[in-house]
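Taking it in order: structure first as structure tokens, then the write-up.
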Ligand code: NDP
């Protein structure tokens, strides 16, 4: 941070939000990247664009009371952060996880604003969720929680106002329960959530979109920046949730090899290559721990409480959660010969890890660009809902591929414009920021 405007804004945000580490981390990354655009556009400072961008339009915080299987009333905390709607209605996922706090949702909502801008679709940024953990809960408990959550949230959202989707702990099952409750309360069938079931307004390809999109992006970077391909590459993927599973599926389709995957209990290594059908059965159908993999695959090993980054690879795709890859992990990956890191999760690499990659010449792709495929297909789901028409998988997937290629091209173009070479991190931040900033100037002070 070299300019006084950026320094002043960051100091002010840090003083106002002293306990929000994740949010400050995300703000700092963006502010340090966009200084060249501020120099080119002095009107941004005059219009207090940065001061307005770092403050959400509104934050809703509410109580969720629900009854568990024992008949006991439980209380959780719910949030919706409506961050910025300069280029479209608020759009972003809902996360159900015990670690959810205002800081985490603010960082996610802030990032989402720039990510959504990069997709080229008309979507603003938002995020929400609860400290409710779906692990160990019965079907009935998950349904009653989702219904209670939507009983408050419904009054703040709408198909032209704010359209939530899934995230950690919120998949098709939870979206279905929440959609049912919204429909019951509002007596209307509208595209107010994305990630819905195919029978009631969902889009083919949405389930796969973040993971597939990550690989379309990675493939494009390999081709255009590194003059290479995925063929034969050893790819390490963390997590075994929605993003990880479909990232692994597309990696295999494109000729890469996957030997490790993880969950919050540790990781498995399969010397013969991951059996993805087995992972899907364990994590999606049976909802068990990943260690169960070794019950069937006898040559595979499970390492409890260890991280996947200790295994050498050509390409690393962190797809689990924020700050899961720190400086020590980055150094291990670099020593193991990693050439490219593309984030499937949101902010999975710490600033020190990013610095280590960049100083060692490892190509680094930030999540707000490389994982934008999920929200892109959510945007396409909104389009289909508005038309009351469903596209084929092939049509949606072709659009997703086009969007991911365009994100790479726009990031490289922005980076080149400011003489930064092939800097995917700076390029993504610059391209997303400039678009939202101009829209805010054009729409007057709000
Ligand atoms: P899921 O809930 O489907 O999967 C999350 C995975 O990460 C699980 O394997 C989980 O393990 C693991 N995990 C969660 N918390 C931790 C932790 N603290 N330490 C280690 N592992 C952990 O979530 P998604 O796949 O949907 O989301 C993953 C990431 O991708 C998140 O950062 C999310 O914000 C981001 N993202 C998701 C999009 C989507 O479309 N779903 C779109 C864009 C970004 P366990 O099973 O043990 O809980």
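Laboratory data are not the source of any read-out in this text; all were calculated from the coordinates shown. Since the structure is predicted, the reported quantities are computational estimates derived from the model, not experimental observations. No Cβ is skipped: glycine too gets one built from the backbone with ideal geometry, and neighbour counts run over all protein chains shown.
Descriptive notes on the structure:
- P(r) weight above 13 Å for segment 280-328, C-alpha pairs, percent: 69 percent
- Summed over qualifying helices (DSSP H, 4 residues or more, each -39500 (n - 2.57)) and divided by its residue number, the chain shows a 222 nm mean residue ellipticity of -14500 deg cm²/dmol.
- Across the chain, Cα pairs under 8 Å and at least six residues apart give a relative contact order of 15 percent.
- Per the Debye calculation on segment 195-270 with a single equal scatterer at every Cα and no solvent contribution, log₁₀ I(q)/I(0) for q = 0.20 Å⁻¹ amounts to -0.87.
- Gyration tensor (alpha-carbon) shape descriptor, segment 216-307, a/c threshold 1.5: prolate
- For the peptides 236-245, 13-22, 165-174, residues were scored by their other Cβ atoms within 10 Å and the scores averaged per peptide; the highest-first order is 236-245, 165-174, 13-22.
- With the highest mean first, a sort of the peptides 338-351, 260-273 on other beta-carbon atoms found within 10 angstrom per residue produces 338-351, 260-273.
- Segment 119-195: C-alpha gyration tensor shape, a/c 1.5 cut-off, then a/b vs b/c: oblate
- Percent of C-alpha pairs per 20 Å bin, the chain, short to long: 26, 60, 14, 0
- Counting neighbouring Cβ atoms within 10 Å and putting the fewest first, the residues 317, 204 line up as 204, 317.
- Inter-site label distance for residue 160 and residue 277 at 7 Å from Cα along Cβ, in nm: 4.8 nm
- Per-selection metrics, segment 273-375 (Cα): Rg and Dmax in Å: 14.9, 42
- Proportion of all alpha-carbon pairs of segment 322-446 beyond 17 Å (%): 65 percent
- Euclidean distance of C-alpha centroids, segment 354-396 and segment 166-241, integer Å: 9 Å
- Which of 105, 121 has the fewest Cβ neighbours within 10 Å, and the rest in rising order: 121, 105
- Normalised by the number of residues in segment 390-446, the average gap of Cα pairs under 8 Å and 6 or more apart makes the relative contact order 24 percent.
- When its C-alpha radius of gyration is set against 2.2 N^0.38 Å (N residues), segment 6-84 gives a value of 1.58.
- Summary of packing: across the peptides 61-68, 85-92, the per-residue average of other C-beta atoms within 10 Å ranks them, highest first, as 85-92, 61-68.
- Under 17 Å from a label point set 7 Å out along the Cα-to-Cβ vector of residue 227, the amide N atoms of segment 394-433 belong to 422.
- The value of relative contact order for segment 252-315, using C-alpha pairs under 8 Å at least six residues apart, is 36 percent.
- Bridge orientation summary for the chain: considering DSSP beta bridges with both residues in this region, about 60 percent are antiparallel.
- With both labels modelled 7 Å from their Cα along Cα-to-Cβ, the residue 393 to residue 133 distance reads 3.5 nm.
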